[in-house]
Amino acid sequence: MLADLSALEVSLLALVGVAYLLLVVLLVWVVRLRSRVRWLVAHRPVGPDDLAALRRELAGALRNVAVVRYDAFGDMGGRLSFSAALLDEAGDGVVISSIHARGESRTYAKGLVGGKSDTTLTPEEQQALAAARSGKASA
């Protein structure tokens, strides 16, 4: 069949074949490029609005934490009692205390708003609160 075609027709067929192959390569390249663009859009750096939203969320996160360990009773050793303060940026959060005795342990939680509690804080709880507000991990 190719023998019946002129040299010009063979050249044109070859050119069409090369153009078709080039078109296939370009289409594959476009598909890969679109996939890469979708990935980049999904993983793009945060914009100003996203950053402001992240800052608002972070302000409400319990990120200031401190733990104070102590012996609640003179006859007990090992500093098994503790008070832990967990606060957000505004000083809202909770102080949790666990008092360990020989026969029992008791746990208490006191809410904090603006770094203050409506319930009287023990000296150890005040120490944990101060350490959390100052950024010390433990005292």
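General remarks:
- Taking (1) at pLDDT 85 or above; (2) more than 30 Å from S98 (Cβ to Cβ) in turn, L5 satisfies each apart from (1).
- If the condition is being crowded, with 19+ Cβ neighbours inside 10 Å and part of a strand (DSSP E or B), then the stretch 111-139 contributes only L112.
- The residues on offer are S98, S134, and the sole one that is within 27 Å of the chain's Cα centre (by Cα) and at pLDDT 80 or above is S134.
- When D50 is tested against (1) of a type outside the set (G, A, S); (2) at pLDDT 80 or above; (3) closer than 30 Å to D88 by Cα; (4) surrounded by 10 or more Cβ atoms within 10 Å (Cβ to Cβ), only condition (2) is not met.
- Strands (runs of 3 or more DSSP E) enclosed by the stretch 1-106 - at least 2 residues per element that are among the small types (G, A, S), touching a residue at least 24 places away in the same chain (Cβ under 8 Å) and under 30 Å from L129 (Cβ atoms): 81-87, 93-100
- Single match in A90, A85 (criterion: in the same structural domain as Q126 (by TED's automatic domain parsing) and modelled with pLDDT under 90): A90
The values are calculated or read from the model by the stated rules, or taken from the named source; none is laboratory data. Predicted model only: the values in this text are computed from it and were never measured. For neighbour counting, all protein chains shown are included, and Cβ atoms are generated from backbone atoms with ideal geometry for every residue, glycine included.
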